[in-house]
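First the structure, in the form of structure tokens, and then the observations on it.
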Amino acid sequence: MASAYHIKKRLRDGSVLLIDKLNKAGEGNTAKSAGMFRSFFYSRTNFYLADSSIEFYRHIEKSGFNLGMRWIGYLWLFGESQFKRIELALRKMEERGGLFTVYDKEELRDKLKVNIEAAESDVGKVMNLANIENGLFVPKAGKIDVEKLVEFYETEFRRMGGKVVYGAKVDRIVVEPKISLEIPGEPYFWQDCTVKGVRVHGRIIEAKKIIIATGVWSSELLDPIGVDSYSKPKKRQIFVIRADKNRLRELLYVDGFNRYNCMPFTILPEPRIYIRPDIDEETFWIAYADDFNRSFKLEEDPQPEENYYRYGIYPVLTAYFPQFIDSYPINAWAGLYAINTIDHQPVIFEENNLIVVGAASGSGIMKADSLGRIVAAVYFEEEEAELYGNRRFNVSDLGIKKRRVEREIFVI
Ligand SMILES: Cc1cc2nc3c(=O)[nH]c(=O)nc-3n(C[C@H](O)[C@H](O)[C@H](O)COP(=O)(O)OP(=O)(O)OC[C@H]3O[C@@H](n4cnc5c(N)ncnc54)[C@H](O)[C@@H]3O)c2cc1C
């Protein structure tokens, strides 16, 4: 939707058609997201993509379109050796102007009533937990109402004359020779061929350029024409716990981190389970992004696994935050990350009139606006994109041939 919006905004009289197989925009993995954003990345690429998008979202809100942004901040909890590993990176980020506060363990215990000695318990020993030594609080971070963000782009896209067709599954990308010789089975490798359009419900829709922004479904469309999506789908699950006990409400409404007097989005020491507080619903969303032994698998309707919470998350969560003892999910869902397995950062490239954007690897909401602007720059065959806030971005940095991204240290 962000790509369609940015192309249409610059094309003015040209026509842009958005096609989605679902009945509404943002109903794919966007709807499954935790909707968190942070302007705190070690990789400059990640930082520019996220920071510019977040500033644009802030700008939209200031212009009167409520996106439900709440700047609750992120709090990473670290064991001693884990913190040592990031200290150098933190110093560099401070030089670049990154804003953060480091809390020591006693402050964390006083504020959050977190168990800083989880490693000492029998359970902690079995699970190799670390005692908490420090917390890293990042204020320029929070949550956004994803549905409203999609609504913003869609409303504006339509207002500019953009067209949408929902419930329309593209079943293939149509490749044809530039000059047809009308021989069976063409195009052949010696023919100059290109992407002409897409086929929907048996009908071919032609376009000057086709943008594939189909998230985890990209390979379904790209594999048949021998183009790599550079991403693989992996299941991610979110479990919702109601703050229905005093001890949980006290944790939810903790003072001193943000203007809402609410617990920040908190990430435990390894394993990096996260707790996303929600003061509107009085709930906590709990999740963990498991890697090794979690298959890459495309599923239309992935399901949350009860045992994943009960035996995976619960013992770790309660070892650090005993407030969650005897608390079980009232709701849960699962979605898929489109993971770039090499560097976990988005990919944007063009091949034969086909522009591919994706592989956002679990942070596509917070980078969506920048990605949309870069797609528009690719569309207009520009080398640089202008991100929100007059930031120039080399389009080829996210491409394949001249890719240039830095390693990310702050991964959740
Ligand atoms: C559990 C979970 C938590 C997450 N938390 C966060 C977070 O806190 N912050 C963050 O920034 N990101 C988060 N993400 C990642 C984020 O949701 C994604 O990066 C982002 O939504 C990807 O957007 P997309 O438009 O590329 O994909 P999608 O939203 O999946 O959209 C792809 C669209 O393509 C359509 N489509 C697919 N195939 C076809 C076809 N053949 N024909 C027509 N249409 C088709 C689909 O219907 C869908 O609407 C999370 C993801 C998950 C699963």
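General observations
- Test: residue in segment 178-192 that is closer than 30 Å to Asp301 by Cα, of a type outside the set (Phe, Trp, Tyr) and either surrounded by 14 or more Cβ atoms within 10 Å (Cβ to Cβ) or touching a His at 6+ places or on another chain (Cβ under 7 Å) (or both): no
- Complete set of residues in segment 335-349 that are more than 7 Å from the ligand (Cβ to nearest atom) and either hydrophobic (A, V, I, L, M, F, W, C) or free of Cβ contacts under 8 Å to residues at least 60 places away in the same chain (or both): Ile339, Ile342, Val347, Ile348, Phe349
- Boolean, Ile54 is at pLDDT 95 or above, part of a helix (DSSP H, G or I) and in contact with a Ser or Thr (Cβ under 8 Å, 6 or more places away or on another chain): yes
- Criterion: among the aromatic types (Phe, Trp, Tyr), assigned to a strand (DSSP E or B) and touching a residue at least 24 places away in the same chain (Cβ under 8 Å) - qualifying residue of Phe393, Phe410: Phe393
- Summed over segment 229-244, residues that are more than 16 Å from the ligand (Cβ to nearest atom) and either surrounded by fewer than 15 Cβ atoms within 10 Å (Cβ to Cβ) or part of a strand (DSSP E or B) (or both) total 2.
- Output for segment 301-332, where each listed residue is in contact with a Ser or Thr (Cβ under 9 Å, 6 or more places away or on another chain) and polar (S, T, N, Q): Thr318, Ser327, Asn331
- Residue match in segment 209-222 (condition: at pLDDT 95 or above, closer than 16 Å to Phe349 by Cβ and over 22 Å from the mean Cα position of the chain (by Cα)): yes
- Within the set Ile7, Ile72, Ile19, Ile54, the sole residue that is of a type in the set (A, V, I, L, M, F, W, C), in contact with a Cys (Cβ under 8 Å, 6 or more places away or on another chain) and either within 27 Å of Leu221 (Cα to Cα) or within 16 Å of the ligand (Cβ to nearest atom) (or both) turns out to be Ile72.
- Failed condition for Tyr328, given (1) away from the ligand (no atom under 15 Å from the Cβ); (2) assigned to a helix (DSSP H, G or I): (2)
- Residues in segment 156-174 that are more than 9 Å from the ligand (Cβ to nearest atom), in contact (Cβ under 8 Å) with a residue 60 or more places away in the chain and either surrounded by 19 or more Cβ atoms within 10 Å (Cβ to Cβ) or part of a helix (DSSP H, G or I) (or both): Glu156, Phe157, Gly162, Ile173.
- Within segment 28-49, residues that are closer than 16 Å to Tyr337 by Cβ have Cβ atoms under 8 Å from residues that are of a type in the set (Lys, Arg) and near the ligand (Cβ under 6 Å from one of its atoms) in these pairs: Lys32/Arg236, counting only partners at least 6 apart in sequence or on another chain.
- Pairs linking a residue in segment 50-70 that is more than 23 Å from Asp278 (Cβ to Cβ) to a residue that is in a strand (DSSP E or B), with Cβ atoms under 7 Å and 6 or more positions apart or on different chains, are Ser52/Leu387; Ser52/Arg391.
- Condition check for Ala376 on (1) free of Cβ contacts under 8 Å to residues at least 40 places away in the same chain; (2) within 16 Å of the ligand (Cβ to nearest atom): one failure, at (1).
- Test: Ile325 is aliphatic (A, V, I, L, M), touching a helix residue (DSSP H, G or I) at 6+ places or on another chain (Cβ under 6 Å), at pLDDT 95 or above and over 25 Å from Tyr57 (Cα atoms): yes
- Meets criteria (surrounded by fewer than 20 Cβ atoms within 10 Å (Cβ to Cβ) and modelled with pLDDT of 95 or more) for Lys105: yes
- Every pair of residues 6+ apart whose Cβ atoms lie under 7 Å, when the first sits in segment 200-220 and is of a type outside the set (Val, Ile, Thr) while the second is more than 11 Å from the ligand (Cβ to nearest atom) and assigned to a helix (DSSP H, G or I): Lys209/Tyr379
- The residue that is farthest from Met366 (Cα to Cα), among those in segment 134-155 that are within 16 Å of the ligand (Cβ to nearest atom) and outside any helix (DSSP H, G or I), is Val138.
- The sole residue among Ala377, Ala360 that is part of a helix (DSSP H, G or I) and out of contact with any Asp or Glu (no Cβ under 6 Å at 6 or more places or on another chain) is Ala377.
The values are calculated or read from the model by the stated rules, or taken from the named source; none is laboratory data. Source: prediction; values computed, not measured. So basically every Cβ, Gly included, is an ideal-geometry build from the backbone, and we count neighbours across all protein chains shown.
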